[in-house]
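Engineer: My questions all concern the structure below.
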Amino acid sequence: MPAAPKHRSESDAPVVPLQDTTGDRLSGRMLGDELRSHRERRGYTLADAARVIRASTSKISRMELGKSPVKYRDLNDLALFYGVSREDRAHLDQLHQQAGNEDLFAKFADVTPAFLRRLIRLERTARQITVYEPRVVPGLLQTEAYARALVRMIEIGRSESDIELIVALRMQRQLMLDSGLPRLAALIGERVLSQPYGTAGMMVEQMRFLHTATLTEKVNVRIVPEHVIAPPTPVFHLAFADGEHQELAYVEHADGAHYITQKVQLDRTRKLLLNVRANLYDREGSVRALERAIAHWEKRAAAERSE
């Protein structure tokens, strides 16, 4: 599927533990050199940078020389402190990924609850993911700006650094959709298309991305008509290729999540999703719904610009 409008690495290489290879060492040195350049460009000293990540000046020096691995939280905090542009930040993220400093879960452990870490591990091994979402665009199909607006609204009291980490995790999760598996079926409530979570321009970008995804084969996006009576909470269903347990469901609540693995409950969840599927717009109807949403938000965006 085409990449969402967000600034992230386009590499298909998975993040792997640090290995003693020439490529990893070179990427680590390049990352350190980039951090040093951004620091010096802003006129900051080693001590200034050290205070930001609560470390010693010698650690900053080793990081900039490529002699000490850079933790993702430290990279995030320094990039924010240096005022790095989104384009330059995408380059830093790519170098960090190539250097293989941390796996996906270690990067975001501080801002990811245990129940979500379990889902991330599972979804990367799934054959098929079906998500029904009546309230917001599913996380696996959010643009960066849309994700940031949601996180700022929901994660009240979080620091800017934490917000950027949570958004980065969402963008990283989407990388798996660039590979062969899993396939994604997203069943999205029609009201989601008209619910504003930011500027009209941001909503136009998000609706255009969904429109593009609807036309692809890898991601099956379908819209649930507004008049359909459907469950009020989101549901994830994951199917796996083999093994004793070939499927599970996941229902997220305000303060946690519930994993469904028992056959009776799984049967009910599967029937629930089948009922939703029976009332969807087909592909052409879903495309028309998204085109209406795009036109609506484009009109709103034009009005905002004229004010």
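The values are calculated or read from the model by the stated rules, or taken from the named source; none is laboratory data. None of these values were measured; they are calculated from a predicted model. Methodologically, a virtual Cβ is constructed for each residue, glycine included, from the backbone with ideal geometry; neighbour enumeration extends over all protein chains shown. Note: areas computed on protein heavy atoms with side chains; ligands, DNA, RNA excluded. Shrake-Rupley method; radii C 1.70, N 1.55, O 1.52, S 1.80 Å.
Engineer: Report in % the part of the accessible area of region 201-246 that belongs to carbon and sulfur, leaving out ligands and nucleic acids; probe 1.4 Å.
Structural biologist: Details: 1180 of 2150 Å².
Within region 201-246, the accessible surface is 55 percent carbon and sulfur.
Engineer: Let me ask another. Let me know the shape class of region 141-233, please: from the alpha-carbon gyration tensor, a ≥ b ≥ c as square roots of the eigenvalues, rounded when a/c is under 1.5, otherwise prolate if a/b is greater than b/c, or oblate.
Structural biologist: Numbers: a/c = 1.79, a/b = 1.22, b/c = 1.47.
Taking the square roots of the gyration eigenvalues as a ≥ b ≥ c, region 141-233 is oblate.
Engineer: In addition: If the chain between Arg29 and Leu215 were fully stretched, how many nm would it gain, using 0.36 nm times the residue separation less the Cα-Cα distance? Mind dumping the intermediate values first?
Structural biologist: Details: separation 186, 0.36 × 186 = 66.96 nm, distance 4.13 nm.
Extra length available between Arg29 and Leu215 comes to 62.8 nm.
Engineer: Follow-up question, since we're still on this one. Which percent of the accessible heavy-atom area of region 260-300 goes to carbon and sulfur, probe 1.4 angstrom?
Structural biologist: Working: 1410 of 2740 Å².
After summing per-atom areas, the C and S share lands at 51 percent.
Engineer: Give me the accessible area per residue for region 131-258, probe 1.4 Å, as a whole number in Å². The partial results should precede the final answer.
Structural biologist: Working: 5250 Å² over 128 residues.
Accessible area per residue: 41 Å².
Engineer: Follow-up question, since we're still on this one. Can you tell me the order of 224-230, 259-265 when each peptide is scored by its average per-residue count of other Cβ atoms within 10 angstrom, highest first? Present the calculation step by step, with values, prior to reporting the outcome.
Structural biologist: Working: 224-230: 14.1, 259-265: 12.6.
Taking the mean over residues of other Cβ atoms within 10 Å, the ranking is 224-230, 259-265.
Engineer: Next question, about the same structure. Expected output is a single nm value to one decimal: the length gained when fully extending between Glu304 and Arg54, i.e. 0.36 nm times separation in residues minus the C-alpha distance. What is it? Write down the numbers at each step before the final one.
Structural biologist: Numbers: separation 250, 0.36 × 250 = 90.00 nm, distance 4.22 nm.
Gain on extension, Glu304 to Arg54, equals 85.8 nm.
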